[in-house]
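Since every read-out is calculated from the coordinates, none of them should be taken as a lab result. None of the values given here were measured: they were computed from a predicted structure. Positions of Cβ are backbone-derived with ideal geometry, glycine not excepted, and every protein chain shown enters the neighbour counts.
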Amino acid sequence: MTIKEIAQLCGVSRGTVDRVLNKRGRVKPETEDLILRTIAQMGYTKNIAGRALTVKRDEPVIGAVLCSEGNSFFDDIIQGFHNAISELVDYGITLSIRTMRGHNVDKQLELIDEISDHITALVIQPINDPRIAAKIRELRHQGIPTITVNNDIENSSRCCYVGSDYQAGGATAAGLMRLITGGEANLAIVTGVDSLMGHIQRLEGFVSHLRAICPNIKFVDCESGQDNPEHSYEATKRMLHRHPEIDTLFIVAAGSHGMCRAVIDLGREDIRIIAYDDVPSTQAMMRRGLIKAVVCQQPLEQGYRAIRIAFDMILSDTLLNNEQIIMENQIKIAENL
């Protein structure tokens, strides 16, 4: 089918069909729906070779915004970005990255605004906040697709999420806890950031599954580590002072190195720890015998896939709708680092 034939079937001009296909200008919603239904039914496809030439001429920019400063986990995600961009140089694709420390909504909005006027697509590790969701909807209305990476967001109209299944990751950690403790423990938990969907889902998956499979594990205490080693250090020390009977620790997000330092400083290296992510700090503490196992979420692949999906949408000039690319949870112990 050609644009001309689609226009004739719908009773509209070729220009109207072109505006729908290329998201240029406003079209009445009912007209847009008619054109899209007709395209789906009749099998219209674009000339990808010609589109590739157009993409190269336009020199698209993929923007990226990450809450990554001070968290070595994101080194691999950023490397994945660059690995993908290196494969796309012939298309003239470039990358514009903005990073921040912590999870301040105003700061994340500021970083998005810094790049929004010159990007073709956005890859973001979003804070789960209505203002961020509204910004993502605004960008989509402007024809800029958003891919969420590592963490997702509610009610945003983002095109695709690339990351782990956090509920399953929590359940996996619960299974490890059963293996390591034999189903008997006095457990304390250091949580992550309340404004990150993944951290909440991971905690829910861990607690619900552990209660189901290990009814004799006692939940003794819980504090927030804020995805930060210093917060995790202080939270761990406070809990161990309050409850010296604690013999097992679980940390939901980053900060395991701080937790381990607290255990060492208090002379409690008998404590068993389950954590996340194969980063240098967790590797060191696994080799020391403090962290018994970690659940990993393939950050290098997350970064690579997010950029490739952004490029595919740019090349095809077609937006995905609520897609998910889920990374497999992987288990690491000292013997397979």
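Rounded if a/c is under 1.5, else prolate if a/b is larger than b/c, else oblate: which is the range 211-270, with a ≥ b ≥ c the root eigenvalues of its Cα gyration tensor? Note, shape of the range 211-270 comes out oblate.
Determine the relative contact order of the range 3-45: mean sequence separation of Cα pairs under 8 Å and six or more apart, normalised by residue count, in whole percent. Walk me through the numbers on the way to the answer.
Values: 29 pairs, mean separation 16.4, N = 43.
Dividing the mean separation by the residue count of the range 3-45 yields 38 percent.
Peptide packing for 161-174, 232-245 was compared via the average number of neighbouring C-beta atoms within 10 Å per residue; ordered from the highest value, the list is 161-174, 232-245. Remark: the range 286-296, residue by residue, has Karplus-estimated 3J(HN,Hα) of 6, 5, 6, x, 7, 7, 7, 6, 10, 9, 10 Hz, where x stands for each Gly or Pro and the curve is 6.51 cos²θ - 1.76 cosθ + 1.60 at θ = phi - 60°. So which residue, out of ALA40, ALA306, ALA212, gets the largest mean-square fluctuation from a GNM of the chain using Cα contacts under 10 Å as springs? Per the Cα network of the chain with a 10 Å cutoff, ALA40 tops the list.
Were the residues from THR94 through HIS118 laid out at 0.36 nm apart, the gain over their Cα-Cα distance would be 7.5 nm.
Under the convention that each Lys and Arg Cβ holds +1 and each Asp and Glu Cβ holds -1, the size of the dipole of the chain around its Cα centre is about 640 debye. Read through the labelled values (i) -0.41, -0.99; (ii) -0.27, -1.05; (iii) -0.20, -1.14 and report the label of the one computed as log10 I(q)/I(0) by the Debye sum over Cα atoms at q = 0.06, 0.14 Å⁻¹ from the structure. Matching the structure shown: (ii). Exposure proxy for THR148, THR31: other Cβ atoms within 10 Å of each Cβ, ordered fewest to most, give THR31, THR148.
At full extension, ASP58 and MET42 could sit 2.8 nm farther apart than now, given 0.36 nm per residue minus the alpha carbon distance. A dipole drawn for the range 3-45 from +1 and -1 charges on Cβ atoms has a positive end, and of VAL20, LEU9, THR31 the residue lying farthest that way is VAL20.
Using only side-chain charges placed at the Cβ, +1 for Lys and Arg and -1 for Asp and Glu, the dipole size of the range 166-296 relative to its Cα centre rounds to 280 debye.
The residue list ALA168, PRO215, LEU240 was ranked by how far each Cα lies along the charge dipole of the range 166-296 toward its positive end, using unit charges on Cβ atoms, and PRO215 comes out on top.
When the pairs LYS107/LYS292; LYS4/LYS135; LYS107/LYS332; LYS56/LYS332; LYS237/LYS332 are compared against a 30 Å limit on Cα-Cα distance, LYS107/LYS292; LYS4/LYS135; LYS107/LYS332; LYS56/LYS332 fall above it.
Quick one: length gained pulling GLU138 to ARG287 fully straight, 0.36 nm per residue minus the C-alpha distance?
Working: separation 149, 0.36 × 149 = 53.64 nm, distance 4.74 nm.
Computed gain between GLU138 and ARG287 is 48.9 nm.
Taking amide hydrogens as placed 1.01 Å from N in the peptide plane, the amide H of ILE331 sits under 5 Å from those of CYS296, each at least 5 positions away in sequence or on another chain.
Remark: the range 56-127 carries a charge dipole of roughly 60 debye about the Cα centre, counting +1 on each Lys and Arg Cβ and -1 on each Asp and Glu Cβ.
In what order do ARG211, ARG19, ARG202 fall by count of nearby beta-carbon atoms within 10 Å, going from fewest to most?
On the way: ARG211 12, ARG19 18, ARG202 28.
The fewest-first ordering by Cβ neighbours comes to ARG211, ARG19, ARG202.
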